[in-house]
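Notes follow the structure.
The values are calculated or read from the model by the stated rules, or taken from the named source; none is laboratory data. Source: prediction; values computed, not measured. Cβ atoms come from the backbone with ideal geometry, glycine included; neighbour counts cover every protein chain shown. These accessible areas exclude ligands, DNA and RNA; they are computed on the full protein's heavy atoms, side chains included. Shrake-Rupley method; radii C 1.70, N 1.55, O 1.52, S 1.80 Å.
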Amino acid sequence: MRLPPLVSPVEELSKHEISRYSRHLLIPEVGLEGQKRLKSSKVLVIGAGGLGSPALLYLAAAGVGTLGIIDFDVVDESNLQRQIIHGQSDISRLKSESARDSINELNPYVRVRLHSERLEATNAGKIISEYDLIVDGTDNFATRYLVNDACVLAGKPYVWGSIYRFEGQVSVFWENAPGGLGLNYRDLYPEPPPAEMAPSCAEGGVLGILCASIGAMMATEAIKLITGIGETMLGRLAVYDALEMSYRFIPLHKAPVRTPITQLIDYQRFCGVDRSAHDSRTNIPVISARELKTIKENGTDVQLIDVRGIEEWNIVHIEGATLIPKNQIMSEEVLATMNKEDFIVLHCKMGMRSRDVLVEMQKYGFTNVKSLDGGILAWIKDVDQSLPTY
């Protein structure tokens, strides 16, 4: 859908800016006025990770006047496979600060504003209201619904992207868009999927270069919205398959039944990932990494079962563990071969998959089973730092 320019142009560009952006100025659809609009725009990028990295770099290179970055996380070595705005020397630094330094090196004419905090219902409205456009590069449903609802309440458009393994998706949402085609994220996903059906890239993996493809599409949509050129992705969902090298464009429409968005809510609970509520609801017994270490050292007979996939097992595993992937151990045939009286500790990467398996085992009468709280990452952090993380 073609939309009018999102912002008014600034009065002028400096001589150095005209030289820097000369390739834009030569394009009739962009020209001097389009570049002035880019300079006057304020864009908030949520997440300086896989999608935020290329989006931030290209928006900075394009001449967006003010870039806001919201990210509370620090750079980890496993990020560098895809989060190209960070480097080896940035490990353990705040991602927001690392991204700011990369942007300043790329384009000193861009003003960078940092929000080194977690985006929550208590601060989302204030932060989002300070920008013209939002670019959502988050990787979990709870934050996506939060961003959507905050943008709806603030009347702001936003560009959304998602990646997983070899596939990516991109769209534009704007409840108050001119022309009456008001769509928001809840028209695509009226309800969040069950938490166990929504694996993150940390669990399922992602092809690093996919971030460049999807992040570039998101930055392109942002530039089109700011300058008012071309047909935006509002009302369409782009689906990119890197293995097939194929693009599909799916029309989006308003959901038949819509719940009005009147306030921000508890999005962790809404998406079923409120841990304390989940544990009390299913009575899941957990064991900490340090408790497990003590039990093993005391010689207690414990069966440690790793329910991750073979690919993750090959990266790192706990000595003495047995690999039985989740899709295998949850079958009736496998459970029938196990002794219900054995003391069993299940673990995965972070603790979610092992909890799912434990619930299934409880249905079959297993009563002496626990889940390793925090998974193998907690074991590495609290017990054996010599193991590689991922």
Here the residues of the stretch 23-45 lying in the modelled label zone of GLU120, meaning backbone nitrogen under 14 Å from a point 7 Å along Cα-to-Cβ, are none
Excluding ligands, DNA and RNA, the carbon-plus-sulfur percentage of the accessible area of the chain with a 1.4 Å probe reads 52 percent
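Can you give the translational diffusion coefficient of the stretch 160-247 in µm²/s, computed by Stokes-Einstein from the Kirkwood radius over Cα pairs at 4 °C and 1.567 mPa s? Walk me through the numbers before you get to the answer.
Numbers: Rh = 14.3 Å.
Answer, rounded: 91 µm²/s.
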Filtered hits (lysines, Cα-Cα < 22 Å from LYS36, offset >= 8 within chain) -> LYS15, LYS156, LYS224
Low-density loop GluC sites (Glu not before Pro), the stretch 204-255, at most 11 other Cβ within 10 Å, DSSP non-H/G/I/E/B, are GLU231, GLU244
Result for the chain: accessible area per residue, probe 1.4 angstrom, in square angstrom, of 47 Å²
Label model pair SER22, GLU244: point-to-point distance (7 angstrom along the Cα→beta-carbon line) in nm is 4.4 nm
Listed by chain and number, the residues whose amide H is under 5 Å from that of MET330, excluding neighbours fewer than 5 places away on the same chain and using placed H, are none
Scalar couplings 3J(HN,Hα) for the stretch 79-86 by Karplus 6.51 cos²θ - 1.76 cosθ + 1.60 (θ = phi - 60°), nearest whole Hz, x for Gly and Pro, are 6, 5, 5, 8, 8, 6, 7, 10
Given backbone amide H placed at 1.01 Å from N, residues whose amide H is under 5 Å from that of ARG165, ignoring those fewer than 5 places away on the same chain, are VAL206, LEU207
Ranking HIS253, HIS86 from most to least accessible area with a 1.4 Å probe gives HIS253, HIS86
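Could you work out the local net charge near LYS296, counting Lys and Arg as +1, Asp and Glu as -1, over the other residues with Cβ closer than 12 Å to its Cβ? Each step should come with its number before you reach the end.
Numbers: positive: ARG290, LYS293; negative: GLU291, GLU297, ASP301, GLU319, ASP384.
Result for the neighbourhood of LYS296: -3.
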If R0 = 41 Å, then SER14 and ARG93, at their Cβ-Cβ distance, give a FRET efficiency to the nearest 0.05 of 0.85
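Report the full-extension gain for the segment ASP101 to THR322: residue separation times 0.36 nm, less the Cα-Cα distance, to one decimal in nm. Please report the intermediate quantities before stating the final value.
Values: separation 221, 0.36 × 221 = 79.56 nm, distance 4.46 nm.
Extending this stretch completely gives an extra 75.1 nm.
Using just the helices of the chain, give the 222 nm mean residue ellipticity in deg cm²/dmol: DSSP H runs with n ≥ 4 each add -39,500 (n - 2.57), and the total is spread over all residues, rounded to 500.
Numbers: 18 runs with 145 residues, N = 390.
Mean residue ellipticity, 222 nm, calculated: -10000 deg cm²/dmol.
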Extension length gain for LEU181 and ARG2 (0.36 nm per residue less Cα distance), in nm, is 63.3 nm
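Rank these by accessible area, largest first, 1.4 Å probe: MET338, MET245, MET1.
On the way: MET338 30, MET245 125, MET1 50 Å².
Sorted descending by solvent-accessible area, the residues read MET245, MET1, MET338.
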Largest fluctuation, ARG258, ARG113, ARG308 only, Gaussian network model of the chain with Cα springs under 10 angstrom, belongs to ARG258
In whole Hz, the Karplus estimates of ³J(HN,Hα) for the stretch 203-214 (6.51, -1.76, 1.60; θ = phi - 60°; x where Gly or Pro) are 9, x, x, 7, 5, x, 6, 4, 4, 5, 5, 6
Taking only the Cα positions of the stretch 245-359, the convex hull volume per residue in Å³ is 220 Å³
Expected vector for the stretch 16-31, Karplus 3J(HN,Hα) from phi with 6.51, -1.76, 1.60 and θ = phi - 60°, integer Hz, x for Gly and Pro, equals 5, 5, 4, 5, 4, 9, 4, 5, 6, 5, 6, 7, x, 5, 9, x
Taking placed amide H atoms and a strict 5 Å upper bound, the residues 5 or more places from LEU304 or on another chain that come that close are THR322, VAL345
The answer for the per residue Cα convex hull volume of the chain, in Å³, is 153 Å³
Under 11 Å by backbone N from the virtual spin label 7 Å along Cα-to-Cβ at LEU264, the residues of the stretch 152-184 are 153-154
The simple spin-label model distance between ASN314 and GLU29, using points 7 Å out along Cα→Cβ, in nm, is 4.4 nm
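Give a quick list of GluC sites (Glu not before Pro) in the stretch 333-376 that DSSP marks as loop, anything other than H, G, I, E or B, with at most 13 other Cβ atoms within 10 Å.
Working: sites: GLU333, GLU341, GLU360; in loops: GLU341.
Answer by residue number: GLU341.
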